[in-house]
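FYI, it's all coordinate maths here, none of it is from the lab. Everything numeric in this text was worked out from a predicted model, so none of it was measured. So basically every Cβ, Gly included, is an ideal-geometry build from the backbone, and we count neighbours across all protein chains shown.
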Amino acid sequence: MTPDIYADIILPLPFPKLFTYHIPPDLNPYPERGTRVVVPFGKKKQYSGIVFSIHNKKPKEYETKPVLSVLDNSPVVTPKQIDFWEWIAEYYQCTLGEVYKAALPSGLKLESETRVYYNPDYEQTGELPEKAIKLLSFLSEKKVCSVAEINDFLNQKNSLNLLQTLIDESAVFVTERLKDRYRPKTENHLRLNEKCRNEKSLHEAFNSIEKAPRQTELLMKLIHLTGGAGNAMKGKSVSRKALLKENPGAASPLNELIKKGILEQFPLQTERLDRSQEQIQQKKTFSLAQAKAFEEIEKAFDDHTVVLFHGVTSSGKTELYIHLIEKHLKKGEQVLYLLPEIALTTQITTRLKRHFGNRLGIYHSKFSSEERVEVYRDLLEDKNYQIILGVRSSIFLPFKNLGLIIVDEEHEHSFKQFDPAPRYHARDAGIMLAHKHGAKVLLGTATPSIESYYNAQRGKYGLVELHTRYEDIQMPRILVADLKEARRKKQMKSHFTPVLFEHIEKALTDKKQVILFQNRRGFSPFLECSVCSWVPRCKFCDVSMTYHKKMNQLVCHYCGHTVTTPQTCQACGSPALSTQGFGTEKIEEEVKLLFPEARVSRMDLDTTRSKKSYQTIISDFETGSVDILIGTQMVTKGLDFNNVSVVGILNADNMLNMPDFRAFERGFQMMAQVSGRAGRKNKRGTVVLQTSSPEHPIIKYVVDNDYDAMYRSQLAERRTYKYPPYFRLIYLVLKHKQKNTLDNAATALAARLRTILGDRVLGPQEPPVARIQNKYLTRIMLKYEKGHSPSYIKKIVNDAIDAILSDHQWKYISVYADVDPL
Ligand code: ADP
Ligand code: ZN
Ligand code: ZN
């Protein structure tokens with residue numbers, strides 16, 4: 001008898017262990033490591049999972065279920081990727097299932113979907129909550145629908161509790177059905193029907209519609225578009241869209257032709273991805289300084305995997321990347337170009353396309369799931385793409401032969417995924433990925449993170465510096481405007497000091513452009529009652545809600561909960577609600593009042609919901625149809641505009657006052673970056689920096705453009721207070737509905753950890769926002785010396801968490817680790 005064969009499967013679930021299934025002998029095609037299989041899970045569910053391993057060890061703890069089917073003839077996840085997944089799961093303390101969820105575009109993951117059926121024989125006996133009755137009447141009409149539709153109908157995120165009530169009542173029943181989320185894109189095409197594809201019958205067809213001039217015209221047009229009767233009779237087709245574009249409003253004669261059997265309509269599979277070819281341009285010739293930096297980078301790669309390229313804003317880093325990419329492509333290697341933010345991809349895409357044309361693929365979340373599947377498949381099948389430009393999730397693409405990773409704006413925090421797991425840092429994980437491929441990594445930035453600069457100073461990374469702007473344009477002049485003084489002297493025009501106001505005015509007269517930066521979106525951070533100081537807060541989170549004027553709504557920026565703006569104070573009834581502080585929306589409104597002639601546009605999360613919106617805002621500014629661009633941190637990074645003479649930082653203080661040990665570093669980076677948007681071509685630019693604390697050391701470093709001084713001052717603090725780069729950090733975040741239970745569990749967990757790790761354990765302490773979506777949060781911080789092995793520490797942590805969660809009273813506490821938190 002042949003031994004039974006088993007497969008360990010990665011499922012998109014947060015269980016630490018993989019599940020084992022048996023492989024029925026007649027399964028076809030035969031699964032291998034990295035292929036997708038469909039397996040049953042629990043009572044009714046089915047998932048598509050990834051084969052992790054195949055073996056003949058029967059699990060002792062449970063009876064195995066069979067693998068139901070195999071979805072691929074060859075692996076969709078390469079062995080290198082699985083290796084990489086394992087590293088991510090281990091380093092960032094999460095499960096392989098969580099990595100799988102993040103790594104594959106959703107179009108490649110099938111999951112059974114719950115369908116809810118109405119029971120027509122149901123008769124109500126007991127009492128039902130009002131909401132349940134409302135839902136029942138909806139269901140009795142629909143007969144069957146998905147959970148998502150129910151959530152939509154009830155306008156809530158999760159309706160499982162309510163649904164369970166109805167299931168218990170036998171008012172509805174549910175089943176599971178596997179849902180394939182990837183649909184190839186098809187387009188309706190038209191061609192001559194088979195029977196008309198010879199001269200005689202085509203002639204007859206024309207005769208038969210002699211009295212219908214529009215049909216005749218349409219048929220002739222089709223023949224013309226296929227390139228002549230010869231082609232049409234060979235069955236060549238044209239798209240319905242193209243045909244109707246030439247004959248607007250001809251849908252009904254077209255349908256007549258189809259009905260008469262003269263034309264045939266059929267769906268043709270097409271690609272979503274834009275493969276339009278741009279004119280390929282020669283790369284630019286380097287300036288002397290650039291040429292020198294390029295040489296140094298190449299040399300540094302001789303003995304380093306990672307090189308930090310510290311080049312001031314507008315020094316021409318992107319041009320250097322282009323040369324470097326070309327070099328690697330010539331060797332037949334692939335290149336990954338990582339960017340922190342979608343807003344940036346627009347400009348860089350244009351620049352890279354000019355050089356690399358269709359070899360460039362783009363990957364980010366504003367692409368539809370289908371488009372992402374097509375990029376993924378393209379790489380898997382080694383088709384077109386040799387360079388991928390993408391945001392953090394592109395480290396999960398199936399590279400075969402990666403030679404170089406460029407991490408542009410390496411200091412940016414958005415490279416770290418905050419929620420959900422895996423809470424990975426794309427720069428750091430990218431370095432690991434490069435090791436697995438034997439590839440090089442170039443970290444580029446004008447304001448290196450303290451960690452990277454420290455690594456470079458100690459020789460762990462190579463270091464190349466470029467301190468002059470391209471064409472030796474001077475770094476912008478930075479004027480500090482004292483907000484306190486201007487307020488005292490009553491010189492403020494709304495949120496503008498006289499200095500900033502005058503500079504904007506002058507720029508507009510000179511036909512120059514202005515960028516205004518405010519690190520907050522919305523109209524104002526909160527509303528406040530002027531009588532009793534009541535502030536509207538989110539029902540589910542421990543934060544005040546942000547006022548959005550245009551929508552006339554209060555929005556929670558943590559959970560998205562929205563309410564209509566109240567007219568009166570909910571505490572004392574007074575109508576005296578006033579806005580406090582200001583966000584980008586308010587600045588926009590004020591700028592429009594103060595500079596009525598100026599054309600104004602705004603770029604923040606609220607104005608960039610779609611893929612196109614970034615492009616529109618950026619190209620309007622590029623082409624000069626907008627004079628003043630207002631934005632959040634989105635406008636600070638990487639953008640390259642020719643005609644900006646003034647940058648205004650409306651309030652530097654709220655950046656520096658964040659309760660975080662990185663606040664100063666981050667404040668410096670943001671201010672230096674946004675300043676870098678000024679005066680990139682032709683003439684020196686000006687930055688007006690408004691602050692209430694002009695004496696603040698960080699403000700001085702920004703004015704002097706003195707990265708080194710900022711670095712040294714911060715490094716000293718990090719050493720004193722035991723922070724990175726000298727120490728490693730892990731946050732353990734605990735969540736639960738009840739505060740008491742949560743606090744007890746957290747205290748117990750901290751105590752247990754302290755028995756081994758001593759004073760490396762801090763807390764538990766409430767994080768700045770201590771309740772999110774109706775769950776309380778608390779946090780334990782671990783700080784440990786660089787010398788300790790991370791895997792040893794993580795084992796201690798995991799054991800302690802297991803011990804706590806196995807205590808019955810704390811079973812429902814959720815705990816996650818945030819490794820190297822930002
Ligand atoms: P950075 O990425 O360092 O901010 P960029 O690469 O965007 O700088 O360069 C700034 C500007 O100078 C861009 O408009 C770029 O096209 C131009 N530039 C840089 N290097 C060259 C070069 N060698 N020849 C011509 N133009 C260049
Ligand atoms: Zn009040
Ligand atoms: Zn909320």
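Sorted from largest down, give the three principal axis spans of the alpha carbons of region 113-244, whole angstrom values.
74, 32, 24
Would you list Asp8, Asp604 from fewest to most Cβ contacts within 10 Å?
Asp8, Asp604
On the Cα set of region 400-486, report Rg and Dmax in Å, please.
17.5, 60
How big is the chain in terms of Cα radius of gyration and Dmax, in angstroms?
For the chain, the Cα radius of gyration and maximum Cα-Cα distance read 30.6, 95 Å.
Output wanted: per-residue J couplings in Hz (rounded whole) for region 224-239, from phi through Karplus 6.51 cos²θ - 1.76 cosθ + 1.60, θ = phi - 60°, x for Gly and Pro.
4, 5, 6, x, x, 4, x, 5, 4, 6, 7, x, 5, 10, 10, 6
Given Lys43/Lys142; Lys185/Lys330; Lys101/Lys795, which pairs have Cα atoms separated by over 29 Å?
Lys185/Lys330
Normalising by the residue count of the chain, find the relative contact order in percent from Cα pairs under 8 Å and 6+ residues apart. Mind showing how you got there, number by number?
Values: 1486 pairs, mean separation 79.5, N = 822.
Rounded, it is 10 percent for the chain.
In whole Hz, with x marking every Gly and Pro, tabulate ³J(HN,Hα) for region 425-434 from phi via Karplus 6.51 cos²θ - 1.76 cosθ + 1.60, θ = phi - 60°.
For region 425-434, the Karplus curve yields 9, 5, 5, 5, 5, x, 5, 5, 4, 4 Hz.
How about region 536-603: which GluC sites (Glu not before Pro) there are in a DSSP loop, with at most 14 other Cβ atoms within 10 Å of their Cβ?
Qualifying residues, ordered by number: Glu597.
Of all alpha-carbon pairs in region 354-509, indicate the percentage at a distance above 18 angstrom.
So the portion of pairs separated by more than 18 Å is 72 percent.
Quick one: Cα convex hull volume of region 475-617, Å³ per residue?
Convex hull volume per residue, Cα atoms: 162 Å³.
Amide H to amide H under 5 Å from Leu466: which residues, 5+ apart in sequence or cross-chain, H placed 1.01 Å off N in plane?
The list, which skips near neighbours in sequence, is His310, Gly311, Val312.
If one puts a single equal scatterer on every Cα of region 622-691 and applies the Debye formula without solvent, what log₁₀ I(q)/I(0) results at q = 0.11, 0.12, 0.28 Å⁻¹?
Each listed q corresponds, in turn, to -0.28, -0.33, -1.38.
Stick to Cα atoms and the Kirkwood definition of Rh, then tell me Rg/Rh for region 541-688.
Rg/Rh: 1.00.
Tell me the volume per residue, in Å³, of the convex hull enclosing the alpha carbons of region 301-341.
In region 301-341, the Cα hull volume divided by residue count equals 101 Å³.
With Kirkwood's inverse mean 1/r over C-alpha pairs for Rh, give me the Rg to Rh ratio of region 1-133, two decimals please.
We get a ratio of 1.11 for region 1-133.
Hey, can you grab everything whose amide H is under 5 Å from the amide H of Glu113? Only 5+ residues off in sequence or another chain; H modelled, so Pro and N-termini drop out.
Arg177, Leu178, Lys179
Report ³J(HN,Hα) in whole Hz for each residue of region 24-40, in order, from the Karplus equation J = 6.51 cos²θ - 1.76 cosθ + 1.60 where θ = phi - 60°; Gly and Pro get x.
Those phi angles translate into x, x, 8, 5, 9, x, 6, x, 9, 3, x, 8, 8, 10, 9, 10, x Hz.
Treat region 666-822 as a sphere of radius equal to its Kirkwood radius over Cα pairs and apply Stokes-Einstein at 37 °C in a medium of 0.692 mPa s; give the translational diffusion coefficient in µm²/s, rounded to a whole number.
Roughly 177 µm²/s, to the nearest whole number.
Within region 42-115, which trypsin sites (Lys or Arg not before Pro) sit in a loop by DSSP and count at most 16 neighbouring Cβ atoms inside 10 Å?
Sites meeting the loop and neighbour criteria: Lys43, Lys44, Lys57, Lys60.
Quick one: if you take sqrt(5λ) for each eigenvalue of the C-alpha gyration tensor of region 684-776, what semi-axes come out, biggest first, whole angstrom? Mind dumping the intermediate values first?
Details: eigenvalues 298, 83, 17 Å².
Its equivalent ellipsoid spans semi-axes of 39, 20, 9 Å.
Once all Cα-Cα distances of region 1-62 are split into 10 Å bins that start at 0, what whole-number percent is in each one?
21, 57, 21, 1
Arg520's amide H: which non-local residues (gap 5+, or another chain) put their own amide H closer than 5 Å, with H modeled 1.01 Å from N in plane and none for Pro or chain starts?
HN-HN under 5 Å from Arg520: Thr584.
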